[in-house]
Amino acid sequence: MPNVKFSYRYRDAGNYKNHSWVIFADPDNVELSALEELIQSKIIDSTYFYVDQWQLPDLHFSTWNNQLDHTWHEFESIEYTNEAPNAKFNLTGFMAIIKKVKPFTW
């Protein structure tokens, strides 16, 4: 059974980027389409989310400009992978965390 790789990044005001990913074990064989649908229902403008709400590692740079930089991260992609899991919870646990996030409204 393949694991699931969640790729995301942080982009600061100067367009410098930190990319990373988290690999989740998927013992329940969740379909990527179900995960994608859940993610899309919770992200801002089809891209942005707050890593603290999703319990993912923060990718912000060590230098911070309060007037220019922002706090959100960008969702990039999900895919199946044979790489070893590196997350502290499995995919079903991650989905439970996302489900608790209130959808963003302007």
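Coordinate-derived values only; no laboratory data. Note that the coordinates shown come from a computational prediction; the quantities given were computed from them, not determined experimentally. Because the Cβ atoms are built from the backbone with ideal geometry, glycine has one as well, and the counts that use them run over all protein chains shown.
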Item to check | Helix 91-100 axis, angle to the chain major axis (alpha carbon atoms, nearest 10°) | outcome: 50 degrees
Checklist outcome for this item: Helix-only [θ] at 222 nm, the chain, -39500 (n - 2.57) per DSSP H run of 4+, per residue, nearest 500, equals -6500 deg cm²/dmol
Checklist entry - So what is the relative contact order of the stretch 3-100, in percent, for Cα pairs below 8 Å that sit 6 or more residues apart? => result 46 percent
Checklist entry - Rounded to the nearest 20 Debye, what is the dipole magnitude of the chain about its Cα centre when Lys and Arg each give +1 and Asp and Glu each give -1 at the C-beta? => result 260 debye
Checklist outcome for this item: Taking every other residue with Cβ under 13 Å from the Cβ of Pro2 and scoring Lys and Arg +1, Asp and Glu -1, one gets -4
Checklist entry - lysines within cross-link reach of Lys99: Cα-Cα under 21 Å, excluding same-chain residues under 8 positions apart? => result Lys5, Lys42, Lys88
Next on the checklist: If N is the number of residues in the chain, what value comes out of its Cα radius of gyration divided by 2.2 N^0.38 Å?
Outcome noted: 1.08
Next on the checklist: Among Val30, Val22, Val51, which one shows the highest mean-square fluctuation when the chain is modelled as a Gaussian network with alpha-carbon springs under 10 Å?
Outcome noted: Val30
